Ligand SMILES: [Zn+2]
Ligand SMILES: [Zn+2]
Ligand SMILES: [Zn+2]
Ligand SMILES: [Zn+2]
């Protein structure tokens, strides 16, 4: 039954002596393990053995006599995988059986074992919904080692998908997005600005990606908005209507009217034509709030654009007119420090809340939003503590009327000292800030 290993190799007698010695060591190791050696296959062939408990398996002699802790030298642990794993297998089986009972899964033992080689018995399983599957103790734990919540693979897939779809519903509510198409394992959605995106529910990664910040295009818009705000902090108005890239120049105009390319990565310098150092200190603030509209030559859409500028605002308004936004509905000049920005932020947030979606960039909207824009301006002025307004600003109807028919070049030109009354003690401080 045992072959002489030297017959397997044609080798010099000096080597055969060592091989024989190693094979002896192997046989001793088998003895210590209490194994029966059924078929010997040399030093590197797969010998067939049977352990003391009756597990049959194959080992390579070389593996038993080499390595850092070979069983031939330190037989403290059984080398037989099934003997070594017996406790683990029993533990897994206990978890499987209790989970099956709790979940109403019927288990019928087969005489097969799973491919792990650890000795897990395979069961034929039937879940309460009638799904059939094959389960072993290993299936009772997740890859993290925790007991799985749902044993039946079909039921588990269905539950995960349901979880994913519920998460999608949540995101839809949070982001005011809509489903375009549903699939068995996915949903195509349209964000409220119209960008398309597909969510997948059939993988952990896919389900993780179901988040309210899912829309990359909207993310870029948010990044653009942040850039606009940072520029405004420097008294700079970005003319570019959309985000290009962090390292690329975006058309911009400084408060002094110089046009230049503003690079988001290199904001600090400000306008290259203005004196150096100016942007470290106090920059004249935006003090003009305006609303213009017209046929936007960039998008070809009837558009309303609320915005802020400085000085008399004419430069900015001229640029808008060149872009087709010729009708001016509102121009409030001489606003005290920070007010134009605050008003603008309020109006943009209000338009977003009312569901208006920009036609380009983040500050251009469909012309139909004009009434909401004027309403929001009135609302903001009304809510300012220590600041009340004459009816012309509060009453949006008056303003729209004064603006005349769309396309008319009439301007409602409001100066703070005529349209806005300050009745707090801040009056002088405010007066000093306005020119
Ligand atoms: Zn064994
Ligand atoms: Zn099932
Ligand atoms: Zn989007
Ligand atoms: Zn400048």
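None of the figures in this text is laboratory data; all of them are computed from the coordinates on show. The structure presented is a predicted model; accordingly, all values stated were derived computationally and were not measured. Cβ coordinates were reconstructed from backbone atoms using ideal geometry, including for glycine residues, and neighbour counts include every protein chain displayed.
Here are the numbers for this structure:
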read-out	value
Taking 202, 111 and counting other C-beta atoms within 10 Å, the order from fewest to most	111, 202
Rounded, prolate or oblate (a/c below 1.5 giving rounded, otherwise prolate when a/b exceeds b/c) for segment 304-381 by Cα gyration tensor	oblate
Pairwise FRET efficiency - residue 56 versus residue 188, Cβ, R0 = 45 Å, nearest 0.05	0.25
Virtual spin-label span in nm between residue 109 and residue 208, 7 Å along Cα→Cβ	4.0
Relative exposure of 360, 176, judged by other C-beta atoms within 10 Å (fewest first)	176, 360
Two-site FRET efficiency, residue 81 against residue 126, from Cβ-Cβ distance with R₀ of 25 Å, rounded to 0.05	0.25
Listed peptides 242-251, 88-97 by packing density, highest first (mean Cβ within 10 Å)	88-97, 242-251
Sorted by Cβ neighbour density within 10 Å, fewest at the top, the residues 200, 364	200, 364
FRET efficiency, residue 198 to residue 66 (Cβ-Cβ, R0 56 Å, nearest 0.05)	0.60
Gain upon complete extension [residue 314, residue 97; 0.36 nm per residue less C-alpha separation]	70.1 nm
Computed label-point distance, nm, for sites residue 36 and residue 382 using a 7 Å Cα→Cβ extension	9.7
Anisotropy class of segment 86-151 from Cα gyration tensor, a/c 1.5 cut	oblate
Orientation-averaged projected area, Cα convex hull of segment 155-214 (nm²)	3.5
